[in-house]
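Read the structure below first, then the notes.
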Amino acid sequence: CGQREGSRSMHGAATTGAASRRGRRPADRGDTERTIRRAALRRFADLGFDAAALRDIAADAGVDPAMIAYRFGSKLSLWKAVVEAVGAGKIDMLRRTAAAKASAAASPLAASMEALVDLYCANETVPRFLLRDAGHDPERAAWVFDHVSRPLLDHFLPLIRRANETGRIATPVPEMFLLSFAYGVAVSVVRREMLASFAPQLANDNDFRAALYATLIEPRLRHG
């Protein structure tokens, strides 16, 4: 009787453990995929798409290379998943940061411009990744445009047009206004170490961010 009871207890524990594992699978799956995407983002940013190896991404993520194939398929599919995650996360963070800055900034456009600076400063891997692969291959370039550039345009263009109409800025082509600003921020963040070799104060995070505001935002908002 005691043996059967123990057997039932063991069976119950096994059943509970299996149920517990089943209950954790969605979270585990999401955590695993996020870990792989983060590792891939760093590798793609450092080496580019062609040079980044799936076995190295797997090693960085602490998973077997077969797991990447199972979760994402090919290296291109993984790269596309990284771009999608970067684009969605970037726009979400941009909107939330801009909303937090809206009361202190001179205008909604200024708040969003400052938010983009803060976003790139907080994670320079993102602009490195986007600058490295954005134009090297037509398919990948189109994917970056659809999942990163287009949402950015959708967010900024109404703000730029409104500021243009009210005389806050003066730009004949709002798209060019945004491109020159966003590209300037990305390149400055990626080349920060070189810039700091000429201007040592830029090694300080607050000074660097303030310099970006003063150089890339304020001069564009002095019209009207």
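The values are calculated or read from the model by the stated rules, or taken from the named source; none is laboratory data. It should be emphasised that the depicted structure is a prediction, and the values quoted were computed from it without experimental measurement. All Cβ positions, glycine included, derive from the backbone under ideal geometry; neighbour counts span all protein chains shown. Ligands, DNA and RNA are excluded from the accessible area calculation, which covers all protein heavy atoms including side chains. Shrake-Rupley method; radii C 1.70, N 1.55, O 1.52, S 1.80 Å.
Size descriptors for region 131-224 (Cα atoms only): Rg and Dmax, in that order, 15.5, 41 Å. Which of the lysines could a cross-linker bridge to Lys101, judged by Cα under 17 Å and excluding same-chain residues fewer than eight apart? Within reach: Lys90.
Along its principal axes, region 88-158 has C-alpha extents of 41, 25, 16 angstrom, given from the largest down.
A straight chain from Ala102 to Tyr183 at 0.36 nm per residue would run longer than the Cα-Cα distance by 26.9 nm.
Using C-alpha pairs below 8 Å separated by at least 6 residues, the relative contact order for region 141-224 is 33 percent.
Over all other residues within a Cβ to Cβ distance under 12 Å of Arg140, the charged ones net out to -2, with Lys and Arg as +1 and Asp and Glu as -1.
Think of a 1.4 Å ball rolled over the protein heavy atoms: region 113-224 then has 54 Å² of accessible area per residue.
Could you tell me what % of all Cα pairs in region 65-224 have separations over 18 Å? Roughly 62 percent, once rounded to a whole number. Which percent of the accessible heavy-atom area of region 39-118 goes to carbon and sulfur, probe 1.4 angstrom? Carbon and sulfur: 54 percent of the exposed surface of region 39-118. In order along region 37-44, the phi-based Karplus estimate (6.51 cos²θ - 1.76 cosθ + 1.60, θ = phi - 60°) of 3J(HN,Hα) comes to 4, 5, 5, 5, 4, 5, 5, 5 Hz; Gly and Pro are listed as x.
The residues neighbouring Met176, those whose beta-carbon lies less than 14 Å from its own, together hold a net charge of +1 under the Lys/Arg +1, Asp/Glu -1 convention. In nm, to one decimal, how far is the modelled label at Asp137 from the one at Asp60, with both set 7 Å along Cα→Cβ? Once both label points are built, they end up 1.6 nm from each other.
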